[in-house]
Amino acid sequence: MEPYRIKVVEPIPVTTRAQREQALRRVHYNLFGLRADEVTVDLLTDSGTGALSAAQWAAGVAGDESYAGSRSFYHFRDVVQDLTSYPCVLPVHQGRAAERVLFSALLTPGRITLSNTHFDTTRANVELAGCRAVDLPCAQARDLDSAEPFKGDIDLRGLEEALRGPDAGRIALVIMTLTNNGEAGQPVSMDNLTRAAALCRKHSVPLFLDAARFAENAWLVTQREDGYRHLSPRQVAEQAFRLADGCLMSAKKDGIVHIGGFLGLRDASLAEQCELLLIATEGFPTYGGLAGRDLDMIARGLTEVTDPRYLQARADAARHLAGLARDAGVDIVEPPGLHALYLNAGRLLPHIAAHRFPGHALACQLYLEGGVRSVELGSLYLGREDENGDPVTTAPHELVRLALPRRTYGLSHLNHVGEVLAATVRIKDRIPGYRLTEQPPLLRHFRGKLEPVALPDRHETQNLSPRGSTSSTPHLSINPR
C-alpha cells in the first residue's frame, strides 16, 4: 500500500467523447494545448505535478520572504550541501534555468557537450549557445524488450573515443542524466557513472549530473546492482553526487515540488561566473527566482524523496501499470522504471510511418478513448522532415510516455488507464497518422500544430469515458483537410 493517507482531495474532470474530439480539434491535435480541466488522468509529465506532503505545506507557511539573506535559503542550502557535497548552491526557478546559467558560463559557439542522452531542454539550451549536443547511449538501450537493468548507461567506449579524438579540444562538458529520460527512463549504474567520472578526470573535462530523478535512479541501483543492495537510496545518491563536478537539478521531479531547482558547483571560479549570471537573469543568489516558501518546500522534499517506502510505492505503481499495458497487448520498454511507462507505439501501429508520428497518433487516441493525456517521444520529438513533409531523420523508436505524478493517482486511476489502453488496442488498425501543419524552429512538440492524414473506418468503438459519464458520439470522427 502507499505509505501515506489522503488529507486533501481535488475533483477530476469527467468529459464526453464529443467534448474530447472538439478539444483536440481546437488545439490542432497537440496535447500540450489542452486545458487541464479537459483531462481526466493527466500523465503528460511528472514535472511539478506531484502532491505536497503536510510537512512541506507547513514548511512553506514558515518560509522567510526576505529579498536578501532569507533564512529559507540557508536551510535549503544546508540540505542540498549535505546531500550533494557541492559547496556552491544556486537556486533557480527550474532545471532549464540552471542549464542556461551553466551553459552561458561554460559554452562558446562551436563547443560540444556529451551525454548518455540530453533531455530536450538541455539539448535546446546547448544549441541556442551555438554548440552541438552529442548523445552516447549504451548499446543495450537499443533493445527495448531486453531485461538489461541499466539501459541508461553511457557508452564508455564512445565516450573515451570522443575524449581522445580529433574534436576532444572542443568538448566543454559531459552530462549524465539520472535516470535517462531520453532512453525511456532507464537508470544509470554506479559502475558506469564511476567509470565515466574517471574518464572525465583523466581528460580534464568537467562532469555534471542532470539530477532531476536522482532518488529514483538510486532506488533502482539498490534493487539491481551488485555491491549496492545493502545501501539505502540516500547513501547511493550521496555517492553519485560526489563523483561529479556539479549538478543541474529540476526539483519539480525528485524535489516533489511544483516549481524550483538548483545548480550545484564545486569550482569556485565557475560558481562566481554563474552567480553573476544568476543575479542578472534569475534573482539575488539567496532566492534565485523563487519564494522563500518554495526553498523550504524543496528542502523538505529532498529529504522525503529518498524514503525507501515512498520509492517502493513508486516502483509498485509503475509495475502495476506495466502489467495492465502488457495485458492489454501493448509492448513497453523493459524493464519498467519508476517515473514513467514507455509504450512501444511503433510496434502497436505498424501501419503508420515514422514521419506520420505513430507515437503521437497513439497519444491522441488515448485521450479520445478515455481522457488520458500522455506525450510522444518519437519522430515528432526527435525527427525532421523536408519542405514536402518527407522524412529527413526519424527517431530510433516510436514511443509514448505515461508519466506518473508523485503521490497523485491511486490504483483505480491506473486501472482506468489500463482500460483505455485495452479499448485503444481494439481499434488500433483504424487509428490515423498525423502531419505537421505548423512548427517552431526548436522544441516543436510543445507548440507545433498537426492534422490527421487518414480516416479510420467509421465503425463504432467503445467510448471508454470514466464510469458514470456518457458520450453522444461513440465513433471516431476526425476530419482531415
(request) Six or more apart or on different chains, Cβ under 9 Å: which pairs go from a residue in the range 390-407 that's at negative phi to one that's among the β-branched types (Val, Ile, Thr) and open to solvent by 50 Å² or more (accessible area, probe 1.4 Å)? Could you list them? (result) Ala403/Thr49; Pro405/Thr49; Arg406/Thr49
(request) Pick out the one residue from Ala58, Ala23, Ala51, Ala18 that is of a type in the set (A, V, I, L, M) and surrounded by fewer than 14 Cβ atoms within 10 Å (Cβ to Cβ). (result) Ala58
(message) As an exercise: evaluate Val392 against (1) under 23 Å from the mean Cα position of the chain (by Cα); (2) open to solvent by 30 Å² or more (accessible area, probe 1.4 Å) and give the number of the one condition it does not meet.
(response) (1)
(request) Starting from residues that are touching a Pro at 6+ places or on another chain (Cβ under 8 Å) and part of a strand (DSSP E or B), keep the ones in the range 349-402 and report whichever is nearest to Val333 (Cα to Cα). (result) Arg384
(message) Going through Gly288, Gly301 one at a time, which residue ends up being touching a residue at least 12 places away in the same chain (Cβ under 8 Å), crowded, with 21+ Cβ neighbours inside 10 Å and farther than 15 Å from Val92 by Cβ?
(response) Gly301
(request) Please state which of the following conditions Leu173 fails to meet, knowing it meets all the rest: (1) open to solvent by 20 Å² or more (accessible area, probe 1.4 Å); (2) in contact with a Leu (Cβ under 9 Å, 6 or more places away or on another chain). (result) (1)
(request) Being within 22 Å of Phe214 (Cα to Cα), within 24 Å of the chain's Cα centre (by Cα) and at pLDDT below 95 narrows it down to one of Thr122, Thr113, so name that one. (result) Thr122
(message) If Thr303 satisfies all but one of (1) assigned to a helix (DSSP H, G or I); (2) hydroxyl-bearing (Ser, Thr, Tyr); (3) touching an Asp or Glu at 6+ places or on another chain (Cβ under 9 Å), what's the number of the condition it fails?
(response) (3)
(message) Quick check on my filter: what residues within the range 81-94 are open to solvent by less than 10 Å² (accessible area, probe 1.4 Å), in contact with a Gly (Cβ under 7 Å, 6 or more places away or on another chain) and under 30 Å from Cys138 (Cα atoms)?
(response) Thr84, Tyr86
(request) Kindly indicate the residue of the range 9-21 that is touching a residue at least 12 places away in the same chain (Cβ under 8 Å) and assigned to a loop (DSSP other than H, G, I, E, B) and also farthest from Trp57 (Cα to Cα) among those meeting that condition. (result) Thr16
(request) Could you tell me whether any residue of the range 218-229 is modelled with pLDDT of 95 or more and within 26 Å of Ala168 (Cβ to Cβ)? (result) no
(message) Looking for something of a type outside the set (Lys, Arg), in a loop (DSSP other than H, G, I, E, B) and open to solvent by 10 Å² or more (accessible area, probe 1.4 Å) - is there at least one such residue anywhere in the range 313-327?
(response) no
(request) Would you please list the contacts, defined by Cβ atoms under 7 Å and residues six or more apart or on different chains, that run from a residue in the range 105-129 that is buried (at least 19 other Cβ atoms within 10 Å of the Cβ) to a residue that is of a type in the set (Phe, Trp, Tyr)? (result) Asn125/Phe103; Val126/Phe103; Ala129/Phe103
(request) Run down Leu270, Leu278 and say which single residue is open to solvent by less than 60 Å² (accessible area, probe 1.4 Å) and touching a strand residue (DSSP E or B) at 6+ places or on another chain (Cβ under 6 Å). (result) Leu278
(request) Taking Arg384 as the residue in question, decide whether it is of a type in the set (Lys, Arg), within 26 Å of Asp143 (Cβ to Cβ) and surrounded by fewer than 19 Cβ atoms within 10 Å (Cβ to Cβ). (result) yes
(request) Name the single residue, out of those in the range 193-248 being among the basic types (Lys, Arg) and either under 19 Å from Leu136 (Cβ atoms) or not in a helix (DSSP H, G or I) (or both), that is least open to solvent (accessible area, probe 1.4 Å). (result) Arg213
(request) Output the residues belonging to the range 32-50 that are within 20 Å of Tyr342 (Cα to Cα) and assigned to a loop (DSSP other than H, G, I, E, B). (result) Val39, Thr40, Leu43, Leu44, Thr45, Asp46, Ser47, Gly48, Thr49, Gly50
(request) Quick one: count up the residues across the range 64-98 that are among the β-branched types (Val, Ile, Thr) and in contact with a Lys or Arg (Cβ under 7 Å, 6 or more places away or on another chain). (result) 1
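The values are calculated or read from the model by the stated rules, or taken from the named source; none is laboratory data. On a predicted model such as this, the values are computed, not experimentally measured, just so you know. When we count neighbours, we look across all protein chains shown, and the Cβ atoms used for this are built from the backbone with ideal geometry, even at glycine. Heads up: the accessible areas ignore ligands, DNA and RNA and are worked out on the full protein's heavy atoms, side chains in. Shrake-Rupley method; radii C 1.70, N 1.55, O 1.52, S 1.80 Å.
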